[in-house]
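So the structure is just underneath, and the comments pick up after that.
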Amino acid sequence: MASNTAILESDPLNWGKAAAELTGSHLDEVKRMVAQFRDPVVKIEGSTLRVGQVAAVAAAKDASGVAVELDEEARPRVKASSEWILDCIAHGGDIYGVTTGFGGTSHRRTKDGPALQVELLRYCTTTANLTRPRVRLCLLAVAVKYICQRSGCSVK
């Protein structure tokens, strides 16, 4: 019988890890979700987001309820991506949603990226009429997506 070692060593999508997490009973999975929900810190690294973590962020009444932190292993990727974006901007490059508007306003250019990001959040929360838990979940999902896709966001 062939060994699965070669498959596991070249598993960039972490299918082996996902399969390993599915072993055990339904009760074991519920226990893991409850433990993740009760953990006061949600660490994001850009590749996984667990049900218990999402529920913890949604249920938090304010920032003191649960802390969301960038995993140490993700910091070098985030830093390199941010430096690349800043270098592109310094050399006159346009970055969608950073130096340009988004959607129907993507043709507009700006040099005030931080203000543009605030406007994006304001736009999303007012046009979609999102509640605070939904806004927290949207921000969590965006943070994980940004880290995963090497978007250029900074650690700050």
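Quick notes on this one:
- Of all residues in the stretch 60-78, those being open to solvent by less than 80 Å² (accessible area, probe 1.4 Å), aliphatic (A, V, I, L, M) and part of a loop (DSSP other than H, G, I, E, B) number 2.
- Within the stretch 35-59, restricting attention to residues that are surrounded by fewer than 13 Cβ atoms within 10 Å (Cβ to Cβ) and over 16 Å from the mean Cα position of the chain (by Cα), the residue that is nearest to VAL142 (Cα to Cα) is ALA59.
Let's see how each residue does on (1) in contact with a Ser or Thr (Cβ under 8 Å, 6 or more places away or on another chain); (2) at pLDDT below 80:
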residue	(1), (2)
PRO12	no, yes
ARG38	no, no
SER64	no, yes
GLU69	no, no
ARG77	no, no
SER81	yes, no
PHE102	no, yes
ARG109	yes, no
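- Leading residue by the ranking (most open to solvent (accessible area, probe 1.4 Å)) among those in the stretch 79-101 that are of a type in the set (Gly, Ala, Ser) and not in a loop (DSSP other than H, G, I, E, B): ALA90
- Filtered residues of the stretch 121-156 (kept if at pLDDT 70 or above and touching a Gly at 6+ places or on another chain (Cβ under 7 Å)): VAL144, ILE147
The values are calculated or read from the model by the stated rules, or taken from the named source; none is laboratory data. None of these values were measured; they are calculated from a predicted model. A quick note on method: Cβ atoms are made from the backbone with ideal geometry, for glycine too, and the neighbour counts reach across all protein chains shown. Accessible surface is based on the protein model in full, side chains and every heavy atom, while ligands, DNA and RNA are left aside. Shrake-Rupley method; radii C 1.70, N 1.55, O 1.52, S 1.80 Å.
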